[in-house]
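**Student:** Dumping the structure here so I can ask a few things about it.
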Protein chains: 2
Amino acid sequence: MSNFCRGTAHLNNDLKGIAEAFNMTNIKNLWRFKSQLSVEYEVIKITHLFSKDWHEIFTGRTHQDSARRLIIIDKKIDTLYGDDIRTFFDNAGIKTYFLLIECSEKNKNIQTVIHILQQINDISLLRRSEPIFAIGGGILLDIVGLAASLYRRGVPYIRIPTTLVGLVDAGISVKTGINCFQQRNRIGTYYPPIVSLIDISFLKTLPTNEIKKGFSEILKLAIVTDKTLFDLVDEHGLALLENKFQDINIADKIIERSIMQMAKQLNPNLWEQNLCRLVDFGHSFSPLIEMQSHKNGIPLSHGEAVILDVYLSCLISKNRGILSDKEFIKISTLIDKLGLNKYHPLFLYLKYLQKALDEIIVHRNGLQNLPLPTRIGSAEFYNDIKANDLEQAIKHTQLKKRVCIK
Amino acid sequence: MSNFCRGTAHLNNDLKGIAEAFNMTNIKNLWRFKSQLSVEYEVIKITHLFSKDWHEIFTGRTHQDSARRLIIIDKKIDTLYGDDIRTFFDNAGIKTYFLLIECSEKNKNIQTVIHILQQINDISLLRRSEPIFAIGGGILLDIVGLAASLYRRGVPYIRIPTTLVGLVDAGISVKTGINCFQQRNRIGTYYPPIVSLIDISFLKTLPTNEIKKGFSEILKLAIVTDKTLFDLVDEHGLALLENKFQDINIADKIIERSIMQMAKQLNPNLWEQNLCRLVDFGHSFSPLIEMQSHKNGIPLSHGEAVILDVYLSCLISKNRGILSDKEFIKISTLIDKLGLNKYHPLFLYLKYLQKALDEIIVHRNGLQNLPLPTRIGSAEFYNDIKANDLEQAIKHTQLKKRVCIK
């Protein structure tokens, strides 16, 4: 749907069909453009994606009229699954071009995007009917999504997350991005895939540490939106960590619930017109400190930084009497149980926490909009966090850490 | 408006509020995301923009709550109007940061975008309420638009075109872009400004050659959409070229009409979901040949390349008996009258024309979708252009050129 209208009264007759009088302003010669972009994409949960049963997904849903595909894949995933994927496409009679990407926060930069764009350009993919496959973790999905959104102002792509973070977060989101100017995801776009394919079976080869990072995002979501999800993780988290989500019954429950909650948060606000976002929980202090940790201190992965931010936010909430001690302890205990780290030197520096807070104020257009849990499964936004709140939290953590280390 | 629904029947009760049964498919575990992005932006025609009468435009429409603005401006425009602009903002009590850009097709690249992004980042502009001003021609608007769309996944910006092409084309469009891999505008986004301010008075300092380039785009539009516009250009074009559009009565008529026609074409198809675009007239053969001309041959500006493409397309149309000889001669005569060139060596090479045609087939997803005028003010799309059509057109041009040179 679209229309435009105009502010002047002196229209020629033959232009009247195009324009309509616009009576909201007294400024002459004003045209107002109105248009709506309809976005529709699917998230499909599939097990053993590259078995032949799923040909239908690839042909029916991702255009049948061309038999060429560019597969952009994390190098590690290619080592593990590359043969299966090649066989799958060969059997389907689809010619593939593979582009292997070495994925790291360091490589999540403009050079990697240009490298991908160059490859797309070399192959001369058709603008609409030869979608790109992005197969890998959150970093890969973010980079490929950005490249897809930029080439010819947007070509179609399919997200296939292979990590737990990818399955419950990057796989569901429409955000793309790269790091730039030592800032996390400073450059990016909102660009939905045509379909996102969620296959839990990838997790069986994921290192335990990567599963832990995924739990950071699930826990983040559970604490501010869903007590049942929190309880599920509390009850089954440790077992899932051990069996790498291959206890399908339980794994399904937790992943589906996470996806639903993410969807509930993201879908009404795909382009982040509202800057009060519950999913920003764990993402207020962490972006700056994560980037900083790569320059000095012990490098933090995204998942590690997120859970440190979650813990800090819960602590602030508890100190302010918003979150009860009992609920705080439940959260703190679950973080420990999953083997996630609550301590990191950079999270004990007021300077960095303050700097991170200053930066999110710019990002949230002048407001802190800090989500603080009020109880497990619920949160509210706060705008009056002061140095004092941060100092108090630091002191608590220092004390606990000492006890913990003893 | 947004919603999402799900394909399985085994939903937990407490998730039912979020999801609804989805009965279009028999695939279990499918979520369908639906969302609509509402886009609204204004094009306002103003004369003598940086006079104090227009403070209202800048304060009322472009957020009052912050008094900092980044002005990204073509270096040449800054030399001519920089003092006025600085005085304007000083008087309004707005602190400005100026970033001067050397604009050329060669500099329309990723390095310039990164340079702009770096500046935005250094100033730490608020995400929503400190819009960027882009002041310059089509190249500047395209580059700044891309940077604005990428920084924090999109920050607001205002377009102020200062060339005739800018006023009737780039100023109205939501397209952003840079050249990459020797391809014109290969990388870009669709990203509307919050407002586009159209000030004809900038044209008084524009070199005549730049006015001519603007006529290329106006003529292109007129031939395929609007006979009255064509007649206006036929009658007044030469005078406007001489007085640089400062005969406001006539200038207004032609520019308003061009904007209306552009709006009519662009607005229902802002994201180019429909690849049959009348405004692609003059933009089928020209993108490749324009880029090629910078490598060998006589370098072509965009406007020059467009009118060569317009002429070639009209010739093909005439040779096929679609466009009458009489109408063809009217078009050809007007091109001459405005002093636009109909001859360029690269447009006489079958190899390049064929390569350009191959490339637009990729860009238009497997079809030529070549707009050919059926009469002045109207066109249809063709998909069966063959080497023979191109050869015949080349022969005609070679012959005419010889006569012309004699």
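The values are calculated or read from the model by the stated rules, or taken from the named source; none is laboratory data. Nothing here was measured: the structure is a model prediction, and the numbers come from that model. Here the Cβ positions follow ideal geometry from the backbone for every residue, glycine too, while neighbour counts run over all protein chains shown. Remember, those area values only see protein heavy atoms, side chains included, never the ligands or the DNA or RNA. Shrake-Rupley method; radii C 1.70, N 1.55, O 1.52, S 1.80 Å.
**Student:** Quick check: residue separation of A:Lys326 and A:Thr47 times 0.36 nm, minus the Cα distance between them. What number comes out in nm? It would help to have the intermediate numbers written out before the result.
**Tutor:** Values: separation 279, 0.36 × 279 = 100.44 nm, distance 3.88 nm.
96.6 nm is the gain from fully extending A:Lys326 to A:Thr47.
**Student:** Hey, another quick one. Could you provide, to the nearest whole Å², the per residue accessible area of segment B:48-198 with probe 1.4 Å? Spell out each step's value before the answer.
**Tutor:** Values: 4950 Å² over 151 residues.
Per residue, segment B:48-198 has 33 Å² of solvent-accessible surface.
**Student:** If you take the beta carbon distance between B:Glu359 and A:Thr228 as r and set R0 to 41 Å, what does 1/(1 + (r/R0)^6) give as a FRET efficiency, to the nearest 0.05?
**Tutor:** Efficiency for this residue pair is about 0.15.
**Student:** Follow-up question, since we're still on this one. Between B:Asn341 and B:Asp83, how high is the FRET efficiency from 1/(1 + (r/R0)^6) when r is the Cβ-Cβ distance and R₀ = 56 Å? Nearest 0.05.
**Tutor:** 0.95
**Student:** Pull up the DSSP beta bridges for chain B and report the antiparallel fraction as a percent, rounded to 5.
**Tutor:** If I count the DSSP bridges inside chain B, around 35 percent turn out antiparallel.
**Student:** What value, in deg cm²/dmol to 500, does the helix sum -39500 (n - 2.57) over DSSP H runs of n ≥ 4 give at 222 nm once divided by the residues of the protein assembly as shown?
**Tutor:** -14500 deg cm²/dmol
**Student:** Ok, one more. Share of segment A:48-198's accessible area from carbon and sulfur, percent, 1.4 Å?
**Tutor:** Working: 2390 of 4950 Å².
Roughly 48 percent, rounded to a whole number.
**Student:** Then there is this: Can you compute the charge dipole magnitude of the protein assembly as shown about its Cα centre, using +1 on each Lys and Arg Cβ and -1 on each Asp and Glu Cβ, nothing else charged? Give it in debye, rounded to the nearest 20.
**Tutor:** The calculation lands at about 560 debye.
**Student:** If you don't mind, another one. Indicate the residues belonging to segment A:228-263 that lose 30 Å² or more of solvent-accessible heavy-atom surface (probe 1.4 Å) upon moving from the chain alone to the assembly of all protein chains, ignoring ligands and nucleic acids.
**Tutor:** Residues losing area: A:Glu256, A:Arg257, A:Met260, A:Ala263.
**Student:** Assuming R0 = 30 Å, what is the FRET efficiency of A:Lys351 and A:Gln273, from their Cβ-Cβ distance, to the nearest 0.05?
**Tutor:** 0.35
**Student:** Still on this model: May I ask you to give the percent of accessible area on segment B:290-367 that is carbon plus sulfur, with a probe radius of 1.4 Å?
**Tutor:** 57 percent
**Student:** While we're on this one: Just grab the label-to-label distance for B:Asn91 and A:Leu100, each label 7 Å out from Cα along the Cβ direction, in nm (one decimal).
**Tutor:** The modelled label-to-label distance comes out at 6.5 nm.
**Student:** Can you pull out the buried accessible area for chains B and A, both sides counted, probe 1.4 Å, rounded to the nearest 100 Å²?
**Tutor:** By this definition, chains B and A bury close to 8100 Å².
**Student:** Quick one: net charge around A:Ile71, please, counting Lys, Arg +1 and Asp, Glu -1 for every other residue with C-beta under 14 Å from its C-beta.
**Tutor:** Its environment carries a net charge of 0.
**Student:** In segment A:48-198, if the dipole is taken from +1 on Lys/Arg beta carbons and -1 on Asp/Glu beta carbons about the Cα centre, which of A:Tyr97, A:Cys180, A:Gly145 is farthest to the positive end?
**Tutor:** A:Cys180
**Student:** If Lys and Arg each add +1 and Asp and Glu each add -1, what is the summed charge of the other residues whose beta carbon sits under 11 Å from the beta carbon of B:Thr189?
**Tutor:** Cβ neighbours under 11 Å give a net charge of +3.
**Student:** So, one more: Charges on Cβ only, +1 for Lys and Arg, -1 for Asp and Glu, centred on the Cα centroid of the protein assembly as shown; of B:Ile114, B:Ile307, A:Leu340, which one is farthest towards the dipole's positive end?
**Tutor:** In the protein assembly as shown, that residue is B:Ile114.
**Student:** Nearest 5 is fine: what % of DSSP beta bridges in the protein assembly as shown come out antiparallel, could you say? Don't skip to the end; give the middle numbers.
**Tutor:** Numbers: 43 of 87 bridges.
Just about 50 percent of them are antiparallel.
**Student:** Please compute the modelled spin-label separation between A:Ser124 and B:Asn383, points set 7 Å along Cα→Cβ, answer in nm with one decimal.
**Tutor:** Inter-label distance under the simple model: 1.9 nm.
**Student:** Now, a different point. Indicate, rounded to the nearest 5 percent, the antiparallel portion of the DSSP beta bridges found entirely in segment A:48-198.
**Tutor:** Numbers: 3 of 20 bridges.
Just about 15 percent of them are antiparallel.
**Student:** Using the crude model of +1 on Lys and Arg Cβ and -1 on Asp and Glu Cβ, and no other charge, please compute the dipole size for segment B:48-198 relative to its Cα centre, in debye to 20.
**Tutor:** Numbers: 18 positive and 14 negative charges, 106 e Å.
Magnitude of the dipole: close to 520 debye.
**Student:** Going toward the positive end of the dipole of segment B:208-288, with +1 on Lys and Arg Cβ and -1 on Asp and Glu Cβ, which of B:Gly237, B:Thr225, B:Thr208 do you reach last?
**Tutor:** B:Thr225
**Student:** Continuing with the same structure: Say each of A:Lys401 and B:Asn296 gets a label point 7 Å from the Cα, pointing the same way as Cα to Cβ; how far apart are those two points in nm?
**Tutor:** Distance between label points: 6.5 nm.
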